[in-house]
Amino acid sequence: MVQTGCKHVWIWIAIEPVHKSVLGIHISEERNMFVAENFIRSLVSKYVKHTVYTDGGTGYTQACNFMHLKHRLHSPLEKSLIERMM
């Protein structure tokens, strides 16, 4: 989440773990299952189904279950390293 003026927005980023390339970026004013599902669905339509690794934020588990995708959580260390990199 970042603050832009007096608003908070969420930056959704998908990174390919081996080559560390950015697969997709999405900015939204909300963070919920519907936004997560739309973002993940856009990635699946472009790159096919893969296991989704997340920080455990709101909506990821429900979105992945709904789309029949495997969902795994990053460890606290991985989460911290990813946030620092961003």
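Values quoted throughout were computed directly from the atomic coordinates according to the rules given, and no laboratory measurement underlies them. For clarity, every value in this text was computed on a predicted model and none was experimentally measured. For neighbour counting, all protein chains shown are included, and Cβ atoms are generated from backbone atoms with ideal geometry for every residue, glycine included.
Where does each of E78, E83 land when they are ranked from fewest to most other beta-carbon atoms within 10 angstrom?
On the way: E78 13, E83 10.
The most exposed by this proxy come first: E83, E78.
Distance in nm between label sites at L23 and L77, each 7 Å beyond Cα in the beta-carbon direction?
Placing both labels 7 Å beyond Cα along the Cβ direction yields 2.4 nm.
For the chain, what does -39500 (n - 2.57) per DSSP helix run (n ≥ 4), summed and divided by total residues, give at 222 nm, in deg cm²/dmol to the nearest 500?
On the way: 3 runs with 32 residues, N = 86.
That calculation yields -11000 deg cm²/dmol at 222 nm.
Looking only at the stretch 2-85, where both bridge partners belong to it, what percent of the DSSP beta bridges are antiparallel (to the nearest 5)?
Percentage antiparallel, nearest 5: 75.
According to a simple spin-label model (label point 7 Å from Cα along Cα-to-Cβ), what is the distance in nm between K49 and K70?
Taking the two extended label points, one gets 1.2 nm.
Take the chain, connect every pair of alpha-carbon atoms lying under 10 Å apart with a spring to form a Gaussian network, then pick out the residue of V44, V18, V35 with the largest mean-square fluctuation.
The residue that fluctuates most here is V18.
Going out from 0 in 5 Å bins, what whole percent of all Cα-Cα distances in the chain drops into each bin?
Spelled out per bin, shortest first, that is 3, 13, 24, 27, 21, 9, 3, 1.
Could you pull out the trypsin sites (Lys or Arg not before Pro) across the stretch 33-86 that fall in loop regions by DSSP (anything but H, G, I, E, B) with no more than 15 other Cβ atoms inside 10 Å?
On the way: sites: R41, K46, K49, K70, R72, K79, R84; in loops: K49, K70.
When the trypsin sites (Lys or Arg not before Pro) of the stretch 33-86 are filtered for loop state and at most 15 Cβ neighbours within 10 Å, K49, K70 remain.
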